[in-house]
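J.: Here you go, one structure.
The values are calculated or read from the model by the stated rules, or taken from the named source; none is laboratory data. Keep in mind that what you see is a predicted model, and the values were worked out from it rather than measured. No Cβ is skipped: glycine too gets one built from the backbone with ideal geometry, and neighbour counts run over all protein chains shown.
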Amino acid sequence: MTGYQGDAPFPGFGVPPLSKTMPPAHPFDDDKLHEECGIFGVIGVADAANFVALGLHALQHRGQEAGGIVTHDAETGFAFARRMGLVRDNFTSHEVMKTLPGTLGIGHVRYSTAGAKGQTALRDVQPFFGELAMGGVAVAHNGNITNALSLRRELIDRGSIFQSSSDTECIIHLMARSMGRTISDRLEEALRKVDGAFSIVAMTNTRLMGCRDPLGVRPLVLGRVGEGWALASETCALDIIGADFVREIAPGEMVVISAENGVESHYPFRPQKPRFCIFEHVYFSRPDSILDGRSVYETREAIGRELAKEAPVEAELVCPVPDSGTPAAIGYSLQSGIPYAMGIIRNQYMGRTFIEPTEQIRNMGVRLKLNVNRALIKGKRVILVDDSVVRGTTSRKIKEMILDAGAAEVHFRIASPPTAWPCFYGVDTPQREKLLAATMSEDEMREHLGVNSLRFISLDGLYRAVGQARGRDRAQPQYCDACFSGDYPVAPADMVEKGFQMKTAAE
Ligand code: SF4
């Protein structure tokens with residue numbers, strides 16, 4: 001039975017109530033790259049929606065603007081709920097969860113793309129749902145389809161009617177046009193036509209499916225929960241539901257999971273050398289997740305150690321820019337022998353206090369979020385460790401706060417190479433000209449930030465820290481590092497069509 005149930009008239013239409021509290025991140029946190037999505041799916045458990053909601057809650061760092069859940073129940077069919085705002089505000093009440101019955105479900109959390117910040121249309125919130133000839137299918141996607149513009153044009157020319165502005169919807173339309181015998185055949189065929197980065201969870205009325213693009217740019221993991229199975233962007237989402245981490249879905253692998261056959265693997269694409277996103281190690285993934293068989297926390301600590309070897313400086317304190325700089329700062333401190341201290345304290349509750357900040361409050365900027373521990377800082381030479389410098393606006397303000405608190409010197413150490421290129425694989429990045437490292441040399445950046453010294457980890461140093469003892473293989477890089485190197489593993493066709501200039505031989 002595939003009849004549509006749930007609290008919106010039909011997926012893509014209808015306007016369920018907005019959450020009372022909009023997400024807190026944007027107004028004070030726009031100087032970071034933002035992962036745009038987290039995905040989760042589960043099959044073979046009672047009340048799948050609760051598992052999906054918990055999984056999405058654990059993945060909330062990957063997207064805070066909106067979330068959605070689709071479930072299927074053998075008696076009542078598909079059900080669907082999509083909301084603006086945080087999972088905890090939308091998918092915890094009995095009223096909502098009782099509309100999502102079933103033992104199979106998928107979900108998605110979303111961080112909007114640049115043009116739609118703060119006003120993501122509900123119609124763009126995933127999962128997307130479509131009724132195909134052989135039944136319903138729901139799809140949720142983390143990443144970005146780099147040829148979505150041309151695919152969309154082609155599909156519209158041939159009669160497809162799009163309900164959203166999302167690239168992910170192309171997948172449903174490609175499936176609808178496929179002549180494949182089963183829904184999983186159709187998904188395979190559709191995915192062979194798309195380029196870019198795509199980790200996907202999808203479901204029919206009896207099957208949970210997951211797939212990573214041939215380069216495996218974005219993560220996807222498999223877990224065992226009781227007699228059932230789960231798929232998630234990160235292992236921290238398996239931990240929260242008490243699932244055992246089984247393995248990562250391999251780059252280019254598609255799994256089809258059912259009660260009868262368990263987990264079946266398909267390989268729809270021509271094999272390619274993987275290029276996992278190296279920035280997942282630096283910043284996007286949660287430190288308690290496992291990537292490449294190693295805890296993200298350990299990797300970040302190793303990055304800090306490598307940074308201390310590459311860029312030593314005499315100082316009295318190593319302080320993280322909380323929270324993402326913390327493991328690297330600990331690594332820097334352990335390697336250098338310079339004491340670690342929490343010189344900057346983050347107010348965890350700021351965002352919920354100022355839901356709609358006034359101009360006056362906006363001007364307080366970073367001070368609302370971070371405060372300097374004066375007693376520690378006064379008179380000291382301080383090394384500040386951060387994960388990245390994007391626009392540099394926050395770094396400048398933090399430096400001012402540290403100097404106002406009486407620090408003798410401020411030295412920035414950055415746990416990633418200069419971010420000089422935008423990401424086109426599912427990460428919200430400013431236009432190239434807004435990236436500090438795209439327009440300034442390292443020395444100019446140091447002057448602009450007004451700090452005593454500024455050093456970034458080298459690309460080779462970062463590769464060593466993630467476990468590549470010989471550094472970056474220049475001929476065949478082991479990771480995607482395009483935002484640092486300008487070396488895009490998949491040509492960003494849509495952006496080139498819109499005028500984006502790829503790296504020239506001289507750069
Ligand atoms: S461009 Fe950067 S952020 Fe984007 S996938 Fe590649 S390494 Fe990750």
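J.: Given the options ARG446, ARG413, ARG396, ARG472, name the one that is under 30 Å from HIS141 (Cα atoms) and either touching a Leu at 6+ places or on another chain (Cβ under 6 Å) or outside the structural domain of ILE338 (by TED's automatic domain parsing) (or both).
T.: Being under 30 Å from HIS141 (Cα atoms) and either touching a Leu at 6+ places or on another chain (Cβ under 6 Å) or outside the structural domain of ILE338 (by TED's automatic domain parsing) (or both) holds for just one of ARG446, ARG413, ARG396, ARG472, which is ARG472.
J.: Looking at (1) within 21 Å of ILE156 (Cα to Cα); (2) in contact (Cβ under 8 Å) with a residue 60 or more places away in the chain; (3) not β-branched (Val, Ile, Thr), which is the one condition that is false for ALA190?
T.: Unmet for ALA190, out of (1) within 21 Å of ILE156 (Cα to Cα); (2) in contact (Cβ under 8 Å) with a residue 60 or more places away in the chain; (3) not β-branched (Val, Ile, Thr): (2).
J.: Criterion first (without any contact (Cβ under 8 Å) to a residue 24 or more places away in the chain, acidic (Asp, Glu) and away from the ligand (no atom under 16 Å from the Cβ)) does ASP244 satisfy it?
T.: So ASP244 passes the test.
J.: Where residues in the range 275-299 are basic (Lys, Arg) and either away from the ligand (no atom under 16 Å from the Cβ) or in contact with an Asp or Glu (Cβ under 8 Å, 6 or more places away or on another chain) (or both), which of them is farthest from GLY143 (Cα to Cα)?
T.: The residue in question is ARG294.
J.: Considering only residues that are farther than 21 Å from GLY223 by Cβ and aliphatic (A, V, I, L, M), look in the range 33-77 and name the one that is modelled with the lowest pLDDT.
T.: Checking each candidate, the answer is LEU33.
J.: Look through the range 449-499, keep the residues that are within 23 Å of ILE290 (Cα to Cα) and without any contact (Cβ under 8 Å) to a residue 24 or more places away in the chain, and return whichever of them is surrounded by the fewest Cβ atoms within 10 Å (Cβ to Cβ).
T.: Here the answer is ALA469.
J.: Might you check whether a residue that is assigned to a loop (DSSP other than H, G, I, E, B), modelled with pLDDT of 95 or more, within 16 Å of the ligand (Cβ to nearest atom) and under 19 Å from SER184 (Cβ atoms) occurs anywhere in the range 196-207?
T.: Among the residues of the range 196-207, not one is assigned to a loop (DSSP other than H, G, I, E, B), modelled with pLDDT of 95 or more, within 16 Å of the ligand (Cβ to nearest atom) and under 19 Å from SER184 (Cβ atoms), which makes the answer no.
J.: Taking the stated definitions as given, is ASP185 surrounded by fewer than 23 Cβ atoms within 10 Å (Cβ to Cβ) and within 16 Å of the ligand (Cβ to nearest atom)?
T.: No.
Residues checked against (1) of a type outside the set (A, V, I, L, M); (2) within 25 Å of the chain's Cα centre (by Cα); (3) modelled with pLDDT under 95; (4) under 27 Å from ALA237 (Cβ atoms):
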| residue | (1), (2), (3), (4) |
| --- | --- |
| VAL96 | no, no, no, yes |
| THR99 | yes, no, no, yes |
| THR103 | yes, no, no, yes |
| ILE106 | no, yes, no, yes |
| ARG110 | yes, yes, yes, yes |
| ASP124 | yes, yes, yes, yes |
| PHE128 | yes, yes, no, yes |
| MET134 | no, no, yes, no |
| ILE156 | no, no, no, no |
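J.: Out of the residues in the range 405-414 that are crowded, with 18+ Cβ neighbours inside 10 Å and either over 19 Å from HIS448 (Cα atoms) or basic (Lys, Arg) (or both), state the one that is modelled with the lowest pLDDT.
T.: ALA405
J.: Right, something else. Restricting to the range 415-444, name every residue that is surrounded by fewer than 22 Cβ atoms within 10 Å (Cβ to Cβ), in contact (Cβ under 8 Å) with a residue 24 or more places away in the chain and in contact with a Lys or Arg (Cβ under 7 Å, 6 or more places away or on another chain).
T.: PRO430, LYS434
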